[in-house]
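The values are calculated or read from the model by the stated rules, or taken from the named source; none is laboratory data. These numbers were taken from a predicted model, which means no experiment stands behind them. Methodologically, a virtual Cβ is constructed for each residue, glycine included, from the backbone with ideal geometry; neighbour enumeration extends over all protein chains shown.
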Amino acid sequence: MANDLYHKIEGYIKNMPSLPTSVAKVLEVCNNPQTSPADLNHVISLDPVLVGRVLKLINSAYYGLGQQVTNLVRAIIMLGINTVKNLALSSSVVGNLTASKAAAGLNMEGFWRHSLCVGVAAKAIAKKRAVDPKQLEEYFAAGLLHDIGKIPLNAVLANDYMITVSASDRDRLSLVRVEDRNLGINHSTAGAMIVKSWKLEGAVGDAVVYHHNHVDYDGSHRDLLYTIMLANRFASEMEIGFSGDRYPEKPGPSIWEALDLDTEIFEDIVPLVNGEIEKAEVFLKL
């Protein structure tokens, strides 16, 4: 990758709307296994916007409660610390980046709909595999943000990225391969730069960096990473949204075997995904 291109992308990422201080603090507090709802309440209560998001979520159709919840600590207890953490992260990122001007290569509405589908599908697959319910929102957040590296490529390279997306379609090749061929950088590499800049440690960051390069992954979130890969494939096959990649590479047999799944899982989760996408859009509208 040419140094000037690297520095342009790096400069764009530095100027991207950063995570609000309160959201960064939420992530920091939640990464401590000893964190309690009261600890999280102390951080969130300093940010009226985040308080509003948490209360709006717990009282939304997504949870379908019969009574109004107005107490923040109670809302945190009912939602769970992990859900609140990923709500803060997801809504902040999507809200900030959707507001930025889109370049020609990607339609941002289609991009976020694809990303939302991957998040919902990953969560549905994890649920079918009886993953700990407290971890399900991490699957959602990882799926929602897995392609975030496309945003700086789309913005910095503009016409070149539009040509790359078109070439991927014309040559029937995965977008990540054509990005490497045409640009000398792919969206996973750009995503890694965002992960480093925003200190997105853990499962979400791993999914952003390794969802096209799992063979090099030796971290502790393998199940989540593999699930994101399957969910990405599902979104492509179902043609829900569009992230510029009409011909993604198929997950190999080792991915399916590691999760003890077969392709029937896609049929199983269709009703779940269709129902949940509409509900999960609350994350984009908060």
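For the range 1-46, the set of residues classified as outside any loop (DSSP other than H, G, I, E, B), in contact (Cβ under 8 Å) with a residue 40 or more places away in the chain and exposed (fewer than 14 other Cβ atoms within 10 Å of the Cβ) consists of 14 only.
For the range 225-264, a tally of residues being surrounded by 21 or more Cβ atoms within 10 Å (Cβ to Cβ) and among the aliphatic types (A, V, I, L, M) returns 6.
Residues in the range 121-150 that are modelled with pLDDT under 90 and out of contact with any helix residue (DSSP H, G or I) (no Cβ under 6 Å at 6 or more places or on another chain) were compared, and the one that is nearest to residue 87 (Cα to Cα) is 135.
Number of residues in the range 203-257 that are of a type in the set (D, E, K, R) and farther than 19 Å from residue 140 by Cβ: the value is 9. Figure legend. Inter-residue proximity from the range 90-113: first residues modelled with pLDDT of 80 or more and in a loop (DSSP other than H, G, I, E, B), second residues surrounded by 15 or more Cβ atoms within 10 Å (Cβ to Cβ) and among the polar types (S, T, N, Q), beta-carbon distance below 9 Å, spacing 6+ or different chains. Indicated pairs: 106/154; 106/243.
Run down 84, 118 and say which single residue is modelled with pLDDT of 95 or more, among the β-branched types (Val, Ile, Thr) and at negative phi.
Numbers: 84 fails: modelled with pLDDT of 95 or more.
Within the list 84, 118, the selection yields 118.
Among helices (runs of 4 or more DSSP H) lying entirely in the range 168-286, which contain 3 or more residues that are among the acidic types (Asp, Glu)? Even if it seems obvious, please write down each step before you answer.
Working: elements: 175-183, 187-198, 203-210, 222-238, 253-259, 264-280, 282-285.
The qualifying helices (runs of 4 or more DSSP H) are 264-280.
Exactly one residue out of 58, 44 is of a type in the set (Val, Ile, Thr), within 18 Å of residue 279 (Cα to Cα) and more than 19 Å from the chain's Cα centre (by Cα): that is 58.
Looking only at the range 203-221, which residues are surrounded by fewer than 21 Cβ atoms within 10 Å (Cβ to Cβ) and among the aromatic types (Phe, Trp, Tyr)? If the condition is that a residue be surrounded by fewer than 21 Cβ atoms within 10 Å (Cβ to Cβ) and among the aromatic types (Phe, Trp, Tyr), then 217 is the only one that fits. Going through the range 154-165 one residue at a time, which ones are modelled with pLDDT of 90 or more and more than 24 Å from the chain's Cα centre (by Cα)? Listed by number, the residues that qualify are 160, 163.
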